[in-house]
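The values are calculated or read from the model by the stated rules, or taken from the named source; none is laboratory data. Bear in mind that the values here come from a model prediction, so they are computed numbers and not experimental data. Cβ atoms come from the backbone with ideal geometry, glycine included; neighbour counts cover every protein chain shown. Accessible surface is based on the protein model in full, side chains and every heavy atom, while ligands, DNA and RNA are left aside. Shrake-Rupley method; radii C 1.70, N 1.55, O 1.52, S 1.80 Å.
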Amino acid sequence: MIAYIERFVHENENDVDSNLGPDSAAELLSDLRVSAAALSDADKDFGGIQLSNPLAFLRPSDAADVAKIVRLAARSPHLTVAARGNGHSVNGQAMAHRGLVVDTTSLDCAIRVDAAAMRADVSGGALWEDVLRHCVGFHGVAPRSWTDYLGLTVGGTLSNAGVSGQAFAHGPQTENVTELEVVTGNGDVSVCSSSQNPELFFGVLGGLGQFGIVTRARVVLQPAPDMVRWIRVVYTRFSDFTRDSESLVTRPDGDSFDYVEGFVFVNSDDLVNGWPSVPLDRYASFDSGRVSALAGPVLYCLEAALHYKSEDSPSTVDTRLERLMGGLTFEKGLRFAADVGYVEFLLRVKQVEEEAKAKGIWAAPHPWLNLFVSKRDICDFDRVVFKDILKHGIGGPMLVYPLRRSKWDSRKSVALPEGEIFYLVALLRFCSPYQNGLSVHQMVVQNQEILQRCTDSGIDYKLYLPHYSTVEGWKRHFGNQWTRFQERKKRFDPMAILAPGQKIFSRNWQHS
Ligand SMILES: Cc1cc2nc3c(=O)[nH]c(=O)nc-3n(C[C@H](O)[C@H](O)[C@H](O)COP(=O)(O)OP(=O)(O)OC[C@H]3O[C@@H](n4cnc5c(N)ncnc54)[C@H](O)[C@@H]3O)c2cc1C
C-alpha cells in the first residue's frame, strides 16, 4: 500500500504538493490507516456520461478513518472529498475531480440485527442486497422499504431517498432509519436521530451527501414473508390506470397490496419496448387482440405484489388477491401473475443486470431521467411526454407510479412537488450497441426537451437524483427549502468539502 501511495505521490507530485502540502502528503503516506484502490475505479459511474480525474481513491475501514480524510482535506485550500458507494449515480454525483474519493464499501460491513427490537445496524457502505440476504437468511426479518435494484449502498440511497413499490405504504428508505452515524464536513463523527442532533439527521437524509458521510444506519425491520404473488394488469386509458393506482395506494394502512408500481409500454410487438415486456414469465403471451382498437401509441401496466407465508393455502391467497383487485378496471384478459420467493422478488432486477451484462448493455452509458410529478399534472405529462416525445419507447423501462407526500417527513432534505399524491417517473434508458436507436447525445438532448416541455406546459415536477450545473438550478430545485439547505451546509460542511460531484457548492463557497 505504501509503495502504491509513494508511486502515486511521485506521479502526482505537483497536485499533491499544491493540494495537500508536503507535510499532509507525508501524513497520507504514513498516518492514515487507509488503503488506496485503483484510481480507474473512481473516475466513472453507471451513467457513463461524466468522467473525472480524482487525486486518490481511498478505502477507509471505519468512521475514524473517514474523519481523518475529511480533516486532512480541510487543511488544504482546494481539496474535496466524495463518498462513493457503488458508483451507481448517472451524472457524476459521487465523483471528485482532483479530489479524494472515499470508497464506502471498504467500511466494516458487519450487519447487526436486533430481531426483538426489529432493527439492524448496517454500514453506510453495505449493499442493500447483502442486508436483505443477511436479515432474511439469518433472522427471518427484512427492511420495509426498498429500491427496485439492490446493488446500491445504504449511504448512497439514503442520500437521495430510496424509492420503490413499498414507499406508498412505508415511505422511502429515508423514512425507515431511526439513527445514523455520520462524519460531517467538519471532520466530526456524530450519532444523530430525530431526538439527538436532529438537524443533522434530517439534513443528511435526502441531503445528496452535502452534510456528512453516513458510516452507519439503523434500519427498521419487519417480519419477512416467504412468498410474493406478483401481478400485472394492462390499461388502455391513462385516466383508468391512475385512478386504480391511486385507489390502491390510498387505502387504509395494511389494507392494500405490499407493493404497487406501474409502467408505460409501447403499443406494438417491439421486443424491448412493447407487449412482450409485460408478461411475468416466458411461457405467458400477450394477447394483443384484447387491446382496444381505440388505444393510442402507448399502454399502461399496473404492477402489484402481495406477501404471504408458504403455509397459507392457495385459496386464502386467491381470496385476498381477488378482494384487492375487485373494482379495478384493467383490460380483461390482460392480467399476468406469478408466485415467487420474497428474496427472489426483491432481487428481480439482478436477473436483468445479468442479462444486460451478457448483451454488453450494462456497461454502456445510461442517460437516465428521474422525476417526481404532481398528480395535478400527471395527465398533461402523459400527453406531452409518454404519448408524444416517447411514443416509440426508450429502450428500457418507463416507470410511473403514485406516492404519498404524507409518508415523507418534510424536515428531511428531499424536494417534492405540491400535493398529497405525486408520481415517480423513471426513464431508464439503455443504449444497445446493436440497435439503431438514438445516440447517447440524442438521448441527453431528448431529456432536456422533456424538461423544457414540462416547464413550458406548467407541469409541477422535481428532479429525483437531481443534477444541475448552476446554483440557479439548485435554488429553483429546492425552492423555499433552499435557505434551510444552505444553513445546514454552513453548519455541517462550512468549507464545502463534501460531495463536490453534486455541483451545488464550491469549495470555500462562503468566502468567494
Ligand atoms: C440499476 C439502478 C437501479 C436503481 N433503482 C433505483 C430505485 O429503484 N429507487 C431509487 O430510489 N433509486 C434507484 N437507483 C438510483 C440510486 O438510488 C442512486 O443512484 C444511488 O445514489 C446509488 O447508490 P450508490 O451506492 O451507487 O451511490 P453513489 O452513486 O456511489 O453515490 C451517490 C451520491 O451519494 C453520496 N454518497 C454515497 N455514499 C454515501 C454515504 N455513505 N454517505 C453520504 N453520502 C454518500 C455520493 O457522494 C453521491 O453524491 C437506481 C440506480 C441504478 C443504477
- prompt: Do we find a residue being within 15 Å of the ligand (Cβ to nearest atom), over 23 Å from Ala496 (Cβ atoms) and open to solvent by less than 10 Å² (accessible area, probe 1.4 Å) anywhere in the range 223-234?
  reply: no
task: Give me a count of the residues in the range 64-103 that are of a type outside the set (Val, Ile, Thr) and in a helix (DSSP H, G or I).
output: 8
message: under 21 Å from the mean Cα position of the chain (by Cα) and at pLDDT 95 or above: is that true of Gly125 in this structure?
response: yes
Contacts under 8 angstrom Cβ, first residue in the range 435-457 being assigned by TED's automatic domain parsing to the domain that holds Gly360, partner polar (S, T, N, Q) and surrounded by 13 or more Cβ atoms within 10 Å (Cβ to Cβ), 6 or more apart: Leu438/Gln446
Output for the range 430-458, where each listed residue is surrounded by 17 or more Cβ atoms within 10 Å (Cβ to Cβ) and more than 23 Å from the chain's Cα centre (by Cα): Gly437, Leu438
- prompt: Among the residues of the range 200-222, which ones are away from the ligand (no atom under 14 Å from the Cβ) and polar (S, T, N, Q)?
  reply: Gln222
- request: Could you tell me which of the residues Val400, Val352, Val373, Val384 is over 25 Å from Leu248 (Cβ atoms) and not small (Gly, Ala, Ser)?
  value: Val384
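Let's see how each residue does on (1) open to solvent by less than 20 Å² (accessible area, probe 1.4 Å); (2) in a loop (DSSP other than H, G, I, E, B):
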site: Asp244; (1), (2): yes, no
site: Pro252; (1), (2): no, yes
site: Tyr300; (1), (2): yes, no
site: Glu303; (1), (2): yes, no
site: Thr316; (1), (2): no, no
message: Whether any residue in the range 107-125 is without any contact (Cβ under 8 Å) to a residue 24 or more places away in the chain, within 16 Å of the ligand (Cβ to nearest atom) and either in the same structural domain as Gly212 (by TED's automatic domain parsing) or not in a strand (DSSP E or B) (or both) is what I want to check.
response: yes
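Given the criterion in contact with a helix residue (DSSP H, G or I) (Cβ under 8 Å, 6 or more places away or on another chain), crowded, with 16+ Cβ neighbours inside 10 Å, without any contact (Cβ under 8 Å) to a residue 40 or more places away in the chain and in a helix (DSSP H, G or I), identify the matching residue among Trp482, Trp474. Talk me through it step by step, then tell me what you get.
Values: Trp482 fails: crowded, with 16+ Cβ neighbours inside 10 Å.
The match here is Trp474.
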- prompt: Can you find a residue in the range 405-415 that is among the polar types (S, T, N, Q) and within 16 Å of the ligand (Cβ to nearest atom)?
  reply: yes
- line: Here the residues within the range 159-196 that are in a loop (DSSP other than H, G, I, E, B), over 22 Å from His88 (Cβ atoms) and open to solvent by 10 Å² or more (accessible area, probe 1.4 Å) are Asn186, Asp188, Ser194, Ser195, Gln196
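So that you can scan it fast, the table gives a plain yes or no per residue for (1) in contact with a Lys or Arg (Cβ under 9 Å, 6 or more places away or on another chain); (2) free of Cβ contacts under 8 Å to residues at least 60 places away in the same chain:
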residue	(1), (2)
Tyr149	yes, no
Glu181	yes, no
Val191	yes, yes
Gly212	no, no
Arg216	no, no
Arg229	yes, no
message: Within the range 74-103, take every residue that is more than 14 Å from the ligand (Cβ to nearest atom) and open to solvent by less than 10 Å² (accessible area, probe 1.4 Å) and give me the one that is nearest to the chain's Cα centre (by Cα).
response: Leu79
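Condition test on Ser285, is it out of contact with any Lys or Arg (no Cβ under 6 Å at 6 or more places or on another chain), open to solvent by less than 70 Å² (accessible area, probe 1.4 Å), of a type in the set (S, T, N, Q) and outside any helix (DSSP H, G or I)?
no
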field: Tally, over the range 233-247, of residues that are in contact with an Asp or Glu (Cβ under 6 Å, 6 or more places away or on another chain) and over 14 Å from Lys332 (Cβ atoms)
entry: 1
message: Condition (residue is touching a strand residue (DSSP E or B) at 6+ places or on another chain (Cβ under 8 Å), more than 30 Å from Lys489 (Cβ to Cβ) and not in a loop (DSSP other than H, G, I, E, B)) applied to the range 204-222: is it met by at least one residue?
response: yes
message: Criterion first (closer than 26 Å to Ser145 by Cβ and among the polar types (S, T, N, Q)) does Ser432 satisfy it?
response: no
message: I need the full set of residues from the range 383-436 which are out of contact with any strand residue (DSSP E or B) (no Cβ under 9 Å at 6 or more places or on another chain) and among the β-branched types (Val, Ile, Thr), in order please.
response: Val384, Ile389
message: Going through Asp270, Asp258, Asp240 one at a time, which residue ends up being open to solvent by less than 30 Å² (accessible area, probe 1.4 Å) and either among the acidic types (Asp, Glu) or touching a Gly at 6+ places or on another chain (Cβ under 8 Å) (or both)?
response: Asp240
task: Please enumerate the residues belonging to the range 134-158 that are more than 6 Å from the ligand (Cβ to nearest atom) and open to solvent by 10 Å² or more (accessible area, probe 1.4 Å).
output: His134, Val136, Gly137, Phe138, His139, Gly140, Arg144
